[in-house]
1. Do any trypsin sites (Lys or Arg not before Pro) in the range B:175-240 lie in a loop, going by DSSP, with at most 12 other beta-carbon atoms within 10 Å of their beta carbon, and if so which?
2. Tell me the net charge near A:VAL174. Cut-off is 13 Å between Cβ atoms, A:VAL174 excluded, with +1 for each Lys or Arg and -1 for each Asp or Glu.
3. Please compute, for peptide A:76-86, the average count of beta-carbon atoms on other protein chains lying within 10 Å of each residue's beta-carbon.
4. In sequence order, what are the phi-derived ³J(HN,Hα) couplings for the range A:31-46 according to the Karplus relation 6.51 cos²θ - 1.76 cosθ + 1.60 with θ = phi - 60°, rounded to whole Hz, with x for glycine and proline?
5. At a 1.4 Å probe radius, which order do B:THR41, A:THR140 fall into by accessible area, largest first?
6. Using a 1.4 Å probe, how large is the accessible area of A:THR202, given in Å² and rounded to the nearest 10?
7. Measuring from a point 7 Å past the Cα of A:ASP79 along Cα-to-C-beta, which residues in the range B:50-72 have an amide N at less than 18 Å?
8. Averaged per residue, what accessible surface does the range B:45-168 expose to a 1.4 Å probe, in Å²?
Amino acid sequence: MTQPHAAPETPAAGIPGGTALALTPVDELQRHLTARLAGAARAWLDQALDEAAAHPGIHGPISVWELRLAEAGRRCGSDHADAARVLILHAAHADMDALTRVYSQGTAAERRAVLHALPHLLPGPDALPLVEDALRTNDTRLLAAAVGPYAARHLTPHHWRHAVLKCLFTGVPVAEVADLERRAHADAELARMLGDYAAERTAAGRPVPQDLHRVLALTEPGPPRHSAADPHGKES
Amino acid sequence: MRIFDPHIHMTSRTTDDYQAMHAAGVRAVVEPSFWLGQPRTSPATFLDYFDSLLGWEPFRAAQYGIAHHCTLALNPKEANDPRCVPVLDELPRYLVKDQVVAVGEIGYDSMTPAEDTALAAQLQLAADHELPALVHTPHRDKLAGLRRTLDVVRESALPPERVLVDHLNETTVKEAKDSGCWLGFSVYPETKMDEQRMVAILQQYGPEQVLVNSAADWGRSDPLKTRKVADLMLAEGFTQDDVDRVLWRNPVAFYGLSGRLVLDVAETEATTHEGNSILRGGE
Ligand SMILES: [Zn+2]
């Protein structure tokens with residue numbers, strides 16, 4: 001699933017997965033995917049996107065595009081399902097109500113796609129309850145999808161720090177955390193939490209994860225080493 | 001040796017079980033939705049359970065290198081509780097999900113009119129969603145229950161080659177085989193089959209269309225029964241190919257009828273995140 005990207009701010013160089021799905025512009029994602037899908041899968045996706053665009057929004061107990069979202073794995077293959085689902089959500093102009101319904105009625109894979117789609121679809125923080133729901137789980141695939149650019153832009157400092165700590169706890173690479181450099185910079189409270197966690201690991205005779213040292217270094221005050229570009233030109 | 005357990009309730013099992021199953025050769029499981037022991041009182045608790053079979057449990061299985069799929073349904077016992085029956089209206093939106101490989105387990109428990117209705121309705125749902133069906137046969141009054149089950153299957157839109165009748169034994173195997181359905185056997189201490197009787201049935205009826213499962217759940221059961229049957233088959237003169245057929249290729253062929261089986265667990269799941277929360281225990 002998630003391809004840990006050393007530099008998530010330059011997405012789409014390889015296979016879009018993980019945070020790159022949330023960072024890559026939708027038209028680029030579509031070009032990338034259609035170039036890689038075999039005939040039948042590509043035809044299926046084209047039709048699914050046309051249907052979603054023709055009948056956007058929620059209709060009845062289940063919209064046609066929601067059916068396509070559910071079956072994307074068996075139609076496009078598990079390697080491409082996440083990207084296909086993000087494109088379908090985008091084509092259907094899924095709003096807050098639609099995203100909430102898809103997330104709450106979705107499999108783990110569909111929930112992941114909703115999380116990746118958030119920065120493409122919603123300018124404001126309305127969908128934070130979905131991100132926070134995912135951050136309460138212990139499913140590392142959901143956690144990785146939850147710490148993308150939408151969380152980087154909107155999550156409150158308290159929730160964001162706990163999300164970073166949870167990644168360290170559960171083994172989600174911090175490379176998945178979007179905009180880590182900017183948000184961690186000069187964050188003394190995050191530094192304290194990381195220090196306490198390291199002390200707890202050491203007291204228990206357990207190794208301190210490498211990623212912890214990496215984040216701790218980013219919390220240093222002073223001029224930032226690197227400032228991440230936001231592809232949507234928004235700052236929180 | 002590769003093993004596919006086509007009927008096991010992993011929700012009721014521990015991580016030690018997953019580890020031991022992987023060590024024994026289990027690489028794929030199907031978890032049918034069923035009765036949890038404690039009666040449910042509303043459709044909402046079914047939905048949380050279905051969500052868990054489509055979310056958390058496959059994630060847990062992937063930590064141990066095991067592919068997890070499920071079958072969803074209103075189970076026979078709770079088909080008798082009017083508080084639970086409305087879950088039938090929610091099933092269509094679940095039956096389209098990628099990891100759902102059959103409708104099940106459906107069938108008879110006490111052979112009531114409510115069970116008749118639920119069984120017929122869910123066989124139709126399977127036909128509508130191009131899914132096969134996993135049909136549980138009752139533990140009490142078993143032969144009469146099998147006959148009534150096969151009658152309902154014959155009257156349904158689902159052809160017998162898309163139906164697996166489960167929990168068979170010496171008294172029901174012949175009529176089930178003559179029906180053209182797939183044949184499921186649960187090797188389960190005390191109440192169902194044991195390894196010796198299972199191998200005797202395989203000797204008499206052959207390995208065609210036969211699936212062997214542990215049906216392990218919250219009762220006194222053993223998730224390694226599939227491997228124990230495989231070992232006894234080899235000891236009794238069956239070939240490696242026979243074992244592979246019964247314990248891998250037959251379940252793959254049956255659930256493959258859904259078009260939704262994905263058996264490369266490394267490709268589908270987060271194996272790159274080994275050493276995660278489950279291995280370490282919850283927070
Ligand atoms: Zn069962």
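The values are calculated or read from the model by the stated rules, or taken from the named source; none is laboratory data. On a predicted model such as this, the values are computed, not experimentally measured, just so you know. Note: ideal-geometry Cβ built from the backbone for every residue, glycine included; neighbour counts use all protein chains shown. Side chains included, ligands, DNA and RNA excluded: accessible areas come from the protein's heavy atoms. Shrake-Rupley method; radii C 1.70, N 1.55, O 1.52, S 1.80 Å.
1. Numbers: sites: B:LYS177, B:LYS192, B:ARG197, B:ARG220, B:LYS225, B:ARG227, B:LYS228; in loops: B:LYS192, B:ARG220.
When the trypsin sites (Lys or Arg not before Pro) of the range B:175-240 are filtered for loop state and at most 12 Cβ neighbours within 10 Å, B:ARG220 remain.
2. Details: positive: A:ARG161, A:LYS166, A:ARG183, A:ARG214; negative: A:GLU176, A:ASP179, A:GLU181, A:ASP211.
Combined, the nearby Lys, Arg, Asp and Glu give 0.
3. Values: counts 0, 3, 6, 2, 0, 2, 0, 0, 0, 0, 0.
What the average comes to for A:76-86 is 1.
4. 4, 4, 6, 5, 5, 10, 7, 6, x, 5, 5, 5, 4, 4, 5, 4
5. On the way: B:THR41 80, A:THR140 0 Å².
Accessible-area ranking of B:THR41, A:THR140, largest first: B:THR41, A:THR140.
6. Counting only protein heavy atoms, A:THR202 exposes about 90 Å² to solvent.
7. none
8. On the way: 3890 Å² over 124 residues.
Accessible area per residue: 31 Å².
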